[in-house]
Structures are given as structure tokens and as C-alpha cells.
Amino acid sequence: MSEPAGHGQTVESIRRSLAARLKAAGRDAAELDARLLVGAALGLDLTGMVTSAKRALTRDEADHLERLAQRRLAGEPVARILGIKEFWGLPLHLSAATLVPRPDTETVVERALELLRADGVAERALRIADLGTGSGAILLALLSELPNAHGFATDISAEALQTASRNAAALGLSQRTTWIKCDYGSGLVGAFELIVSNPPYIPSADVAGLDIEVRAHDPRAALDGGADGLDAYRALISQSAGLLTSGGFLVVEVGQGQSGDVEALMTASGLSPTGPPKADLGGIPRAVSARRLPR
């Protein structure tokens, strides 16, 4: 295994050394993680790392990088270390109360946009609700694509709502967002053309077996879906059925093997599934959608 970062090494040599250490420790995406950590420690973007490749690190820089490296080697995700994660091309700040947004969740955004566009309503002044918003990832991605929509985001965590609000401000979307502290849709009134959610869906007994990057760093409340993983769906689907406009859509993220059960809950609440679930890049059915039939 390569030696820890040391005073006098060049930007390029320390990046290679760190990548080798991360790979040896079994960390995924070792090359990318090394580049991100070196860039963060030295304040360099990708271009800066190329132009500064032969510059030697100062002792303070080497020490700073080593502190970051030790956190990553211990299993802390790079997004947690940096405090920021990109989702739908948008940089989102994180906090201890929010999940790290994952690429799989973009499937929810994709399905929601497909439904609205196919229905010919994407340009309208829509009311969108994101139940259990966390960092605001899903809602802010949708608002970035729907210029006339207004988003209402709920979460039981005040810290999560503060994080999401900060992200909205940084993206210039504050004027089109409203934040409500409540459990899923319990504090919402009025009618919504679209409701989205990525609720906790891991069965309680399975949480301890998750990868250390998840179980030790994501908030348990955002992971634990109860004994069968479906507690959140039971609450939010019945709430959503009463909050949707006639013809409105509900789109939720689900875990592997849960799509059939979630569709059944939607049907039992009077909603009509809108075709088969949309699969993520790994082929897993990830976004389940239904609509309140027009009356």
C-alpha cells in the first residue's frame, strides 16, 4: 500500500498515491474520489489540477488532504466529506439530516416529467409537492425543468428543510418554493397536479446490513421503512389520494422487489397505475407512478 500523503509530493503524484490507497482499501470509484479529494484540499478544479500537476504540496496542504483521505478510507462517502453532491446536474448541499442524493432517484424525476409532458401540462402553473424532501433534490430538479411550477416540500426534520431551502436559494428557486414541517402530506392543503416522494423503504431488520457508507452516514429515519419497508407508503399514498387534482400524478421511488406492493397500495387508495414502473440504470424497477383519474 502506498504511503500517506507527504510534504513535497506533487499534485499529480499525491493524486495517484491516494487513488492507489483507496483502491487497495476496496473503495469504489477510487480514481474519481482521489481527484475530488485532492481538488477539495487544494482548492483546485479539474483544469487547475492539470495545470498544477507538477506543483509540490505544502505541509499544510498535505496534512489537510490526509485528514480527508482518512475519512474516506474509514468509509465516509466523498459527498459527506465535501458536503455537496450533484443531482440532475444541480449542486446540492448536504447535512446530517439528509440522504446523499443518488442517481437512481433521478428515475423519479424522469418519470414525472414524462407524465406531465405526455399530458400536455408541463408548461402550466403546476403545484408540485415533494413529501419527505430531504436535500430538496427531486423538487428542485423538477422546478429546474418546469419554469411555471411552484413546489411545496415537506419534511419532519427542520434541519433538512433548512438544507433544502439553502439549496433552493443557491439555485435561484426560492421564489417558487414553500417549506412545511410535517409528516409527509399531513400538513398540506389544496390540490396538487404532481406529488413525488423518495421515502424510507429499507425493512428495519435490513438496515444494519447496509454498506457502511449508508448505514453509518445517512440518517436512519430516511432509511428505515418499518418491518416490511412499506410504512411510509401506507401513509403518503392515502394522503396523496386526497391531495391530488383530478388527473393528478403520484410518483414514488421504491426499493428492489417493492413495486408490486406499492402499486397495490395505490390501487387500494383509488389511484390508477400509469403503466409499468420505470427502471433505473441497473434495470431495477425504481419509479412507480399512478394518477387520480379525471372525474
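The values are calculated or read from the model by the stated rules, or taken from the named source; none is laboratory data. These numbers come from a predicted model, not from an experiment. With ligands, DNA and RNA removed, areas are computed over all heavy atoms of the protein, side chains included. Shrake-Rupley method; radii C 1.70, N 1.55, O 1.52, S 1.80 Å.
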Note to self: Lysine pairs in the chain with Cα distance under 29 Å, only those 8 or more apart or on different chains: how many are there?
What the structure shows: 5
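Please compute the length gained on full extension between Glu123 and Arg166, using 0.36 nm multiplied by the number of residues separating them and subtracting their Cα-Cα distance.
Numbers: separation 43, 0.36 × 43 = 15.48 nm, distance 2.57 nm.
Answer, rounded to one decimal: 12.9 nm.
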Item checked: Per-selection Kirkwood Rh - the stretch 34-151 (Cα, Å, 1 d.p.) -> 16.7
Notebook entry, point to check: For the chain, what does -39500 (n - 2.57) per DSSP helix run (n ≥ 4), summed and divided by total residues, give at 222 nm, in deg cm²/dmol to the nearest 500?
Noted result: -11500 deg cm²/dmol
Margin query: Suppose we take every Cα in the stretch 144-215 and form the convex hull; what volume per residue is that in Å³?
Written below: 135
Next item on the list: Compute the accessible area per residue over the stretch 186-233, keeping the other protein chains in place, probe 1.4 Å, unit Å².
Entry: 42
Next item on the list: Roll a 1.4 angstrom probe over the protein heavy atoms and tell me the percent of accessible area of the chain that is carbon or sulfur.
Entry: 52
Checklist line | Fraction of beta bridges assigned by DSSP in the chain that are antiparallel (%, nearest 5) | finding: 40
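Which order do you get for Arg292, Arg16 if you rank them by accessible area with a 1.4 Å probe, largest at the top?
Arg16, Arg292
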Check: Taking all pairs of different Cα atoms in the stretch 9-82, averaging 1/r and flipping that mean, what Kirkwood radius in angstroms comes out?
Finding: 12.0
Margin query: Given a 1.4 angstrom probe, what's the average accessible area per residue across the stretch 9-82, in square angstrom?
Written below: 50
Item checked: Kirkwood hydrodynamic radius over Cα pairs of the chain, then Stokes diffusion coefficient at 4 °C and 1.567 mPa s, in µm²/s -> 64
